[in-house]
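The values are calculated or read from the model by the stated rules, or taken from the named source; none is laboratory data. Values in this document were obtained by computation on a predicted structure and should not be read as measured data. Cβ placement follows ideal geometry from the backbone for every residue including glycine, while neighbour counts extend to all protein chains displayed. Accessible surface is based on the protein model in full, side chains and every heavy atom, while ligands, DNA and RNA are left aside. Shrake-Rupley method; radii C 1.70, N 1.55, O 1.52, S 1.80 Å.
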Amino acid sequence: KAGVTQTPRYLIKTRGQQVTLSCSPISGHRSVSWYQQTPGQGLQFLFEYFSETQRNKGNFPGRFSGRQFSNSRSEMNVSTLELGDSALYLCASSLTSAGANVLTFGAGSRLTVL
Amino acid sequence: GQNIDQPTEMTATEGAIVQINCTYQTSGFNGLFWYQQHAGEAPTFLSYNVLDGLEEKGRFSSFLSRSKGYSYLLLKELQMKDSASYLCAVRGNNNDMRFGAGTRLTVKP
């Protein structure tokens, strides 16, 4: 059974550009969550999608957006990149987001903003 | 607001026992999770608690007290491969999962 796949694994952008990251969940998983991980802040919750609907959103500016497709694949977009957006972006999937459902994480997309 | 607090770093000796604490104040509670993350890798699931008490899984145990907003992860018979970050996470009322900043554990010979 394939795990959670994130692409690209590494990318370098410059300030002001925009970036799109992709996440393919485990087959059958309908919930996809996105997190930003930085050394000082740990994992910060960005948003969660279930059946193409955003169900939860963290405290990030509107420059951060996402969507989920009918096959449960998800993308997140960051516009007008800032230096502080440099981080590891982790995607996690689960069957649903309720109760004991465990998040399974992808390897992440490491974004460097110059 | 939501706060999930855990120590930043801990050091322990191979073969010993270490307890990593986590305190939380969140909007609702639908379970507490512990994850392990080795450097450069994705977090992996260790344990889940939703009721008060101790859950044991091999060398790892996790405890929860909902009234105190407190959990701990207990690692026994420490091995060098246990050197990693340990993340405490709480699932809130909206079923969103929020993480603490993580505790970096170093196991020394």
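Taking (1) assigned to a loop (DSSP other than H, G, I, E, B); (2) within 14 Å of chain A (Cβ to nearest Cβ); (3) polar (S, T, N, Q) in turn, residue B:85 satisfies each apart from (1).
Based on this model, can you work out whether residue B:91 counts as within 11 Å of chain A (Cβ to nearest Cβ), open to solvent by 30 Å² or more (accessible area, probe 1.4 Å) and either in contact (Cβ under 8 Å) with a residue 12 or more places away in the chain or within 24 Å of residue B:39 (Cα to Cα) (or both)? So residue B:91 fails the test. Scanning the range B:26-58 for residues that are over 14 Å from the mean Cα position of the chain (by Cα) and either without any contact (Cβ under 8 Å) to a residue 12 or more places away in the chain or assigned to a strand (DSSP E or B) (or both) gives B:40, B:41, B:42, B:53, B:58. Could you check, for the range B:3-24, whether at least one of its residues is out of contact with any helix residue (DSSP H, G or I) (no Cβ under 9 Å at 6 or more places or on another chain) and closer than 21 Å to residue A:92 by Cα? Among the residues of the range B:3-24, at least one is out of contact with any helix residue (DSSP H, G or I) (no Cβ under 9 Å at 6 or more places or on another chain) and closer than 21 Å to residue A:92 by Cα, which makes the answer yes. Of everything in the range A:73-97 that is closer than 15 Å to residue A:28 by Cα and over 13 Å from the mean Cα position of the chain (by Cα), the residue that is nearest to the other protein chains (Cβ to nearest Cβ) is A:97. Looking at residue A:33, is it crowded, with 22+ Cβ neighbours inside 10 Å, modelled with pLDDT under 95 and within 12 Å of another protein chain (Cβ to nearest Cβ)? No; evaluated as a whole, the condition is false for this residue.
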